[in-house]
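Reading through the structure tokens given below for one structure.
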Amino acid sequence: IILSRGDTTNYLYVLISGQVDAYIEEDDRRIIVNTISSGESFGELAMLAGEPRSANIIAVKDCEVLVLQQEHIYKYLAESSGFGRNIIQMLAKKVNSLTEDVSCFALFDVYHRLARVLEQHANSGITDRLTQQEIADRVGSSREMVSRILKDLRTGGYISTENKRVCINKPLPKAW
């Protein structure tokens with residue numbers, strides 16, 4: 001665990017290498033709200049707002065992280081308008097992405113959220129290594145429900161699985 005929800009710190013983190021998940025956990029239920037990859041940052045919202053961290057950050061692959069102090073960020077913001085524009089653009093993209101995620105949770109059923117996760121994590125039709133529990137944590141569902149949907153998709157020939165990777169064999173159906 002790199003950061004815990006509720007922490008108050010004055011740092012921004014840039015992931016040099018590796019991968020981390022941002023997640024929220026309540027009553028033994030976990031939901032992954034974002035996966036952060038090399039070159040991306042995290043912690044900037046809480047740092048800039050001066051508020052506690054809104055999510056936990058956990059390394060899912062070995063990581064190298066650059067830690068930047070708030071005072072240095074503010075100094076550089078004052079000195080470089082280009083840096084300020086880049087920060088604003090990055091934050092706007094994150095807000096848009098989070099808005100899309102909230103809309104998905106509010107408007108779509110588990111199948112559509114699962115299909116979205118598979119398509120987002122697919123590279124050339126093959127997903128990263130994701131366990132059924134990890135998929136469930138990303139779609140806000142139980143592992144059992146994810147298992148049933150994946151089984152039906154395998155039976156229909158839409159997907160195949162090997163070594164915790166899902167291969168999308170043909171376009172996923174519009175409904176389950």
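For ALA49 and ALA122, FRET efficiency with R0 = 30 Å and r from the beta-carbon atoms, rounded to 0.05?
0.30
Between GLN132, GLN19, GLN69, which gets the highest mean-square fluctuation from a Gaussian network model of the chain, Cα cutoff 10 Å?
Maximum among the listed residues: GLN69.
Between LYS164 and THR8, what length comes free when the chain is fully extended (0.36 nm per residue of separation minus the Cα-Cα distance, one decimal in nm)?
Extra length from LYS164 to THR8 when fully extended: 52.5 nm.
What aspartates and glutamates sit close enough to LYS170 to cross-link, taking a C-alpha to C-alpha distance under 18 Å and skipping anything fewer than 8 places away on the same chain?
GLU119, ASP128, ASP152, GLU162
Between HIS112 and ASP62, what is 0.36 nm times their sequence separation minus the Cα-Cα distance? Round to one decimal in nm. Mind showing how you got there, number by number?
Details: separation 50, 0.36 × 50 = 18.00 nm, distance 3.10 nm.
Gain in length upon complete extension: 14.9 nm.
What shape does region 11-121 take by its C-alpha gyration tensor, where a ≥ b ≥ c are the square roots of the eigenvalues and a/c under 1.5 counts as rounded, a/b above b/c as prolate, and the rest as oblate?
prolate
Using 0.36 nm times the number of residues separating ILE24 and HIS72, minus their current alpha carbon distance, what extension gain do you get?
That works out to 14.4 nm of additional length.
May I ask you to list the residues of region 41-77 whose amide nitrogen lies under 14 Å from a point 7 Å from Cα along the Cα→beta-carbon direction of VAL95?
45-46, 48-49
At GLU40 and ASN86, where each label point lies 7 Å from the Cα along Cα→Cβ, what is the point-to-point distance in nanometres?
1.8 nm
Mind checking which lysines have their C-alpha under 19 Å from LYS164, skipping anything on the same chain fewer than 8 residues away?
In chain and number order, the partners are LYS61, LYS151.
Share of region 1-131's accessible area from carbon and sulfur, percent, 1.4 Å?
51 percent
Considering only protein heavy atoms, what per residue accessible area in square angstrom results for region 33-176 with a 1.4 angstrom probe?
The answer is 61 Å² per residue.
The values are calculated or read from the model by the stated rules, or taken from the named source; none is laboratory data. In this text, all values refer to a predicted model and were calculated from it rather than measured experimentally. Backbone-built Cβ (ideal geometry, glycine too); neighbour counts: all protein chains shown. SASA here: full protein model, heavy atoms, side chains in, ligands and nucleic acids out. Shrake-Rupley method; radii C 1.70, N 1.55, O 1.52, S 1.80 Å.
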